[in-house]
1. Which condition breaks for A28 when tested against (1) in contact with a strand residue (DSSP E or B) (Cβ under 6 Å, 6 or more places away or on another chain); (2) under 27 Å from Q226 (Cα atoms)?
2. Would you pick out the residues in segment 66-118 that are of a type in the set (D, E, K, R) and not in a helix (DSSP H, G or I)?
3. Considering only segment 85-96, I want to know if a residue exists there that is in contact with a helix residue (DSSP H, G or I) (Cβ under 9 Å, 6 or more places away or on another chain), at pLDDT 95 or above and under 27 Å from G221 (Cα atoms).
4. Take P150 and tell me if it is exposed (fewer than 14 other Cβ atoms within 10 Å of the Cβ), assigned to a helix (DSSP H, G or I) and either in contact with a strand residue (DSSP E or B) (Cβ under 7 Å, 6 or more places away or on another chain) or without any contact (Cβ under 8 Å) to a residue 60 or more places away in the chain (or both).
5. Given the conditions (1) in contact with an Asp or Glu (Cβ under 9 Å, 6 or more places away or on another chain); (2) surrounded by fewer than 16 Cβ atoms within 10 Å (Cβ to Cβ); (3) at pLDDT below 95; (4) more than 24 Å from S196 (Cα to Cα), which single one is not true for A108?
6. Look at segment 179-201 and say how many of its residues are in a loop (DSSP other than H, G, I, E, B) and closer than 13 Å to H49 by Cβ.
7. Report, by residue number, each residue of segment 111-128 that is crowded, with 17+ Cβ neighbours inside 10 Å and touching a residue at least 40 places away in the same chain (Cβ under 8 Å).
Amino acid sequence: MQVIPAIDVAGGRSRVVFWPGVSSGIGAPTDRPDQIAEHFVRLGAPVIHLVDFDGARDGRPTNLEVLGAIAARVATPLQLAGGVDDPDAIRLAFAAGATRVVCSLAVADDPPRLDACLAVAGDWLAVGLDARPDRLAAFPWRRPAPPTLPDLVGELAGRGVRRFVLSHAGGEQGIGTVASLARTVDADLLVAGGTSDAAGIRRVRDAGAAGIILGEALLSGAIDYQTAREAAA
């Protein structure tokens, strides 16, 4: 299972200050996303996941200079979430250096827009879904009744989505859902957050997820990257 570091970006900076040497008092803290990404790539990160908080708010990718700065420093796939819910936004993200994009739940309820996004991004498009049933039910669906997560994932996979980012799926109920989806859906499942220790990572691995996305847990030092990789192996 892949361990994918995540950087939440707002105003061109990481929302969590990273200090790789905090335990030993060496080095210096940084909120520069390009430096943080480079650190984890040196440790073997297969992908860097970027969340554009400003882009999610504005409905278009906003921190494109940050994306470009990271792309200039690392030759590792960059997965962008936030503000990439239409074909033009995806094109902007790819032009700036992204190699993958994560669309929001909005595209799941808009088949023509999803098809247009898939036409641009193909297999490099993921859909981000909140695994909590109450959050899924609270979305303002256009359809008569809200779908269950398994039904929605099956529907989107049938339309060509080959990657899903599942947030809040690290708990006991969420892990069971991931395990069920991994057995029945032909798509990569990435579990985002909800885990900050080796035991939790192993649970996600054993459920059959293709990857786990760790942000604050890594940047805060709650778990180091090598320990996370060992737990995921």
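1. (1)
2. Passing the criteria: D85, D86, R100, D110.
3. Checked segment 85-96: no residue is in contact with a helix residue (DSSP H, G or I) (Cβ under 9 Å, 6 or more places away or on another chain), at pLDDT 95 or above and under 27 Å from G221 (Cα atoms).
4. Criteria met by P150.
5. (2)
6. Qualifying residue count for the region: 1.
7. Answer for segment 111-128, where residues must be crowded, with 17+ Cβ neighbours inside 10 Å and touching a residue at least 40 places away in the same chain (Cβ under 8 Å): L114, L118, A126, G128.
Yes or no, residue by residue, for (1) more than 19 Å from Q35 (Cβ to Cβ); (2) over 17 Å from the mean Cα position of the chain (by Cα):
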site: R73; (1), (2): no, yes
site: Q79; (1), (2): no, no
site: D86; (1), (2): yes, yes
site: V107; (1), (2): yes, no
site: P111; (1), (2): yes, yes
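The values are calculated or read from the model by the stated rules, or taken from the named source; none is laboratory data. Here the structure is a predicted model, which is why all the values come from computation and not from measurement. Because the Cβ atoms are built from the backbone with ideal geometry, glycine has one as well, and the counts that use them run over all protein chains shown.
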